[in-house]
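Since the structure comes first, as structure tokens, the remarks are kept for the end.
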Amino acid sequence: MLRLIFLGPPGAGKGTQAANLARELGVAHLSTGDLLRSAVAAGTPLGRQAEGHMRAGRLVPDDLVLGILRERLSQPDARPGFILDGFPRNVPQAKALAEITPLDRVVSFELSSHDVLERLVGRRVCPRCQTVYNVVSRPPREAGRCDLDGADLEQRPDDRPEAITTRLAVYAEQTAPLLEHYGRLGLLRPIDARGSPDDVARRLRTALEERPRPSRSAVRDPTGSRDPSAR
Ligand code: AP5
């Protein structure tokens, strides 16, 4: 069984890598952001409570997120293992998770705020099949249309500049402290998230093959993420 967490600032490429690695390893890709967006799209009570927080770039209250996470972790496809993408986001969530399951590794994706902004502004998503594109790094064959089902691609409401600014601040204040926490536990594996998705995938595999070790001291940029160029 393999139990991984992917941490990192918004737009660092966690979802892109988690989807590919989970498919390859036969484990579940559990994205709390995707689960919440599905609830919003379906108009469930949870979705109605979460929508305003997400649109503004703030975290959804812990009790709501923990509820959907517990439910998702109990499903059969998570039995061989899972990649948690976007959870935990703060210390209370990390403490709650520790009571639910042990962990094998925590991968932190390191990307500067400049690169984060570029990736988020260019992201487009298919509303039908949820495939993620990027106008610069992963454009669809026909501009604005999904390669798989032809649907018109959309921009996430929280990929507007004001919401991105809030998400980066929330990451720095609430999520980045988890790097120290998991570093102390010897679980943290930082990777440089610059370069092509294939470059990042290679670094990810190398990081997962290495034994866990205590983290090095962090060089932080204003997002709270470590700037790989500062190494
Ligand atoms: P969530 O969906 O988790 O958003 P996020 O963490 O901000 O992460 P993103 O999905 O924006 O980015 P990513 O790192 O997955 O990057 P991606 O691979 O898509 O959360 C959204 C909201 O839900 C939160 O703000 C909050 O409100 C709520 N929420 C979720 N979890 C919560 C929790 N636990 N507690 C409370 N609230 C919660 O890539 C980004 C773009 O870059 C794409 O266009 C992609 O094609 C492109 N790209 C990827 N890799 C590369 C590469 N190597 N080179 C060039 N382009 C690349």
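No value in this document is a laboratory result; all are computed from the given coordinates. Values in this document were obtained by computation on a predicted structure and should not be read as measured data. As a convention, Cβ positions derive from the backbone with ideal geometry for all residues, glycine included, and neighbour counts pool all protein chains shown.
Some values worked out for this structure:
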| item | result |
| --- | --- |
| Residue order, fewest to most surrounding Cβ atoms within 10 angstrom, among Ser108, Ser113, Ser38 | Ser38, Ser113, Ser108 |
| Residue-averaged [θ]222 nm for the chain, counting only DSSP H segments that reach four residues, each worth -39500 (n - 2.57) | -12500 deg cm²/dmol |
| Range in the chain, longest, excluding exposed GluC sites (Glu not before Pro) [loop by DSSP; at most 11 other beta-carbon atoms within 10 Å] | 1-141 |
| Dipole magnitude of the range 61-137, debye to nearest 20 (Cβ charges: Lys/Arg +1, Asp/Glu -1, about Cα centre) | 240 |
| Distance histogram for the range 4-109 (every C-alpha pair counted, 10 angstrom bins, percent rounded to whole numbers) | 14, 49, 34, 3 |
| Within a Gaussian network of the chain (alpha carbon springs, distance under 10 Å), most fluctuating of Ala42, Ala56, Ala18 | Ala42 |
| Test item: Cα-centred dipole of the range 101-157, Lys/Arg +1 and Asp/Glu -1 on Cβ, debye | 80 |
| Potential lengthening between Ser196 and Asp147 on full extension [0.36 nm per residue; Cα-Cα distance subtracted] | 15.6 nm |
| Estimated distance in nm for a label pair at Leu208 and Glu118, the labels positioned 7 Å out from Cα along Cα-to-Cβ | 2.7 |
| Modelled label reach - Arg156, point 7 Å along Cα→Cβ, the range 86-113 residues with backbone N closer than 13 Å | 86-87 |
| The chain: antiparallel DSSP beta bridges as a percent of all, rounded to 5 | 30 |
| Pair Ser137, Ala56: separation of 7 Å Cα→Cβ label points (nm) | 3.0 |
| The chain: relative contact order in percent, alpha carbon pairs under 8 Å with at least 6 residues between | 27 |
| Quotient of C-alpha Rg and 2.2 N^0.38 Å, computed over the chain | 0.96 |
| Dipole moment magnitude, nearest 20 debye, the range 12-141 about Cα centre, only Lys, Arg, Asp, Glu C-beta charged | 440 |
| Distribution of pairwise C-alpha distances over the range 153-193, 10 Å bins, in % | 25, 34, 30, 11, 0 |
| Distance between modelled label sites at Thr166 and Arg23, nm, 7 Å Cα→Cβ extension | 3.3 |
